[in-house]
Amino acid sequence: MFGKTILLGTLLSLGLSATPAIAQRLSCVRVRDPDGWVNVRNVSTGEVVGRLYNETYFVHRGVNRDGYAVMVSSPNLMVHNSRLELSPYRYCTFEIVRDPDGWSNVRSSPGGEVIERVNAGTRVLLVGRNGDWLQIITPNGRFGYIHNSRLRGTSPWQ
C-alpha cells in the first residue's frame, strides 16, 4: 500500500512553508527496522493498514504517549517511534524550485540520470545533502537530487 513511495502531496498542499517556526515543529525521520519494514496503524494499538519500508522518510509532528509518531500527511496514521531514526538533519524543511528555465531536473544521484522534472514554484521537501546537491522528496513522493543553485528557502544546507 505504502511501499517506498510516501504520499507528500497532502503535506505540501497544506501550505506549509519553510519558515523556522514550521521547521522546528516537524521532525523528519526515516524507517529503520531489523525486519526491513514497519507497520502503519490507524491508531496507536489499532489495525495495521499498511507498511513502510526501511529508508522511507516521512514527517511527523510528535510522538503520542503510547510511543507512536503521528504522520503529518495523515493525522490518523501512526508508526511506533522505536522503529524510526531522526534523519541526519534533525528537521526537514521545504524549499521552492527557482529555475529560469521554468523547471528543474530531479536526478537519481548527484549529477546522475534525470528521473523527474519539477516546475519552478513547486515546493519540495529537503532531507539531506551531498556536496552542492540537495536530496529532496518531490510532491509525487519521489526521492532525488537537485543542485542547490536551483532552490530557494531557509535551509541551513544552502
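The values are calculated or read from the model by the stated rules, or taken from the named source; none is laboratory data. All values derive from a computational prediction rather than experimental measurement. For neighbour counting, all protein chains shown are included, and Cβ atoms are generated from backbone atoms with ideal geometry for every residue, glycine included.
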- Condition test on Val97, is it modelled with pLDDT of 90 or more, touching a helix residue (DSSP H, G or I) at 6+ places or on another chain (Cβ under 8 Å) and on the phi < 0 side of the Ramachandran plot? yes
- Query: Taking the stretch 125-147, which residues are buried (at least 17 other Cβ atoms within 10 Å of the Cβ) and either over 16 Å from the mean Cα position of the chain (by Cα) or modelled with pLDDT of 85 or more (or both)?
  - Reply: Trp133, Leu134, Gly144, Tyr145, Ile146
- Message: I need the full set of residues from the stretch 29-57 which are of a type outside the set (Lys, Arg), part of a strand (DSSP E or B) and more than 10 Å from Leu84 (Cα to Cα), in order please.
- Response: Trp37, Asn39, Val40, Val48, Val49, Gly50, Leu52, Tyr53
- From the options Arg51, Arg61, residue that is in contact with a helix residue (DSSP H, G or I) (Cβ under 8 Å, 6 or more places away or on another chain), at pLDDT below 85, outside the structural domain of Thr138 (by TED's automatic domain parsing) and within 24 Å of Arg142 (Cβ to Cβ): Arg61
- In the stretch 104-117, which residue that is in contact (Cβ under 8 Å) with a residue 24 or more places away in the chain and among the β-branched types (Val, Ile, Thr) is surrounded by the fewest Cβ atoms within 10 Å (Cβ to Cβ)? Ile115
- Message: Among (1) at pLDDT below 95; (2) over 26 Å from Gly62 (Cα atoms); (3) of a type in the set (A, V, I, L, M, F, W, C), there is one condition Val106 misses while meeting the rest; what is its number?
- Response: (1)
- Answer from Arg30, Arg41, Arg25 - the residue that is over 16 Å from Arg142 (Cα atoms), crowded, with 17+ Cβ neighbours inside 10 Å and at pLDDT 50 or above: Arg41
- Reported set for the stretch 31-80 where residues are polar (S, T, N, Q) and more than 16 Å from the chain's Cα centre (by Cα) is Asn39, Asn42, Ser44, Thr45, Asn64, Asn76
